[in-house]
Each structure stands twice: as structure tokens, then as C-alpha cells.
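Worksheet: one structure, shown below.
Nothing in this text is a laboratory measurement; each read-out follows from the coordinates by a stated rule. It should be emphasised that the depicted structure is a prediction, and the values quoted were computed from it without experimental measurement. FYI the Cβ positions are ideal-geometry reconstructions off the backbone, even for glycines, and counts take in every protein chain you see.
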Amino acid sequence: MFAITSLYAGAAALMFVYLTLGVSRQRIRHQVSIGDGENRAVLVAIRAQGNFVEFVPISLILMAAVETQGAPALAVHALGVMLIGGRICHAVGFTRRPQILILRQIGTVLNLLMVLAAGLGILAHAVL
């Protein structure tokens with residue numbers, strides 16, 4: 001059960017650890033214990049991790065629901081690729097100096113499309 005979603009959840013877990021370590025590195029480097037210390041590098045690391053945390057849980061829940069409803073494996077993998085690909089694009093685009101705006105935008109669009117597609121698919125399956 002959830003064999004496909006588990007694959008992408010595992011990848012997301014590794015990304016979360018990486019982003020969390022990025023926050024820790026910036027806090028140590030700039031000697032900031034609480035908040036961002038009004039330091040841009042710390043703030044960027046916090047927000048990169050925060051944005052990940054804001055998108056990934058609902059995305060994985062939606063993927064699991066789609067998989068449970070018996071969607072074709074290819075569709076579930078497509079959602080997973082959109083999620084992980086979008087998160088990678090966003091994180092890389094957001095954390096680089098200067099930011100790579102097009103990667104941030106691609107990441108955001110991929111993640112919103114993933115949530116939209118999964119949500120509509122779940123609703124359609126439930127109604128029909």
C-alpha cells in the first residue's frame with residue numbers, strides 16, 4: 001500500500017534533512033540562535049525550509065489519496081515527479097545568490113499544478 005507515494009515521501013524526507021541542515025549551517029555561521037537575527041542568509045535558509053514544509057505534507061497526502069483510489073501508476077509517478085522536481089527547482093532557485101527566478105517560478109508552478117491535478121482527480125473520482 002502506498003508503494004509509489006512512499007518512494008516520493010522518502011525523497012522528500014532527504015530533501016527536508018538537507019534544507020534543515022542548511023538552516024543549522026547558517027545559524028552556526030552567523031551565530032543566530034532564535035529567529036533570523038536580521039541576517040539575510042539565515043532568513044533565506046529558514047524560508048527555503050519553511051516553503052518546503054508548507055507544500056510537501058499536503059502534496060504527499062494528496063498523492064496517497066490518489067494512489068488509494070487506484071489511479072494508474074504512471075499518474076501517481078507524474079504527481080511525484082512534479083512534487084520533487086518542483087521542490088528541487090524552487091530550493092535551488094531560491095537559495096542561490098543571486099536568486100534564479102525562473103527556477104523558483106518553475107518550482108512553484110509545478111507544485112501548484114501537482115496539488116491542483118491531484119485535488120481535481122480526487123474530487124472527480126469521489127463524485128463520479
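Figures for the structure shown
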{"item": "Cα→Cβ-extended label distance, 7 Å offset, between Ala11 and Glu54, nm", "result": "2.3 nm"}
{"item": "Degrees, to the nearest 10: 73-95 long Cα axis against longest axis of the chain", "result": "10 degrees"}
{"item": "Identified option (computed Rg and Dmax of the Cα atoms in Å; candidates [x] 23.9, 94; [y] 16.3, 56; [z] 13.4, 45)", "result": "[y]"}
{"item": "Label-point separation in nm, Ile61 to Ala78, each point 7 Å along Cα→Cβ", "result": "2.4 nm"}
{"item": "Between helix 3-30 and the chain: long-axis angle, C-alpha atoms, 0 to 90°, nearest 10", "result": "10 degrees"}
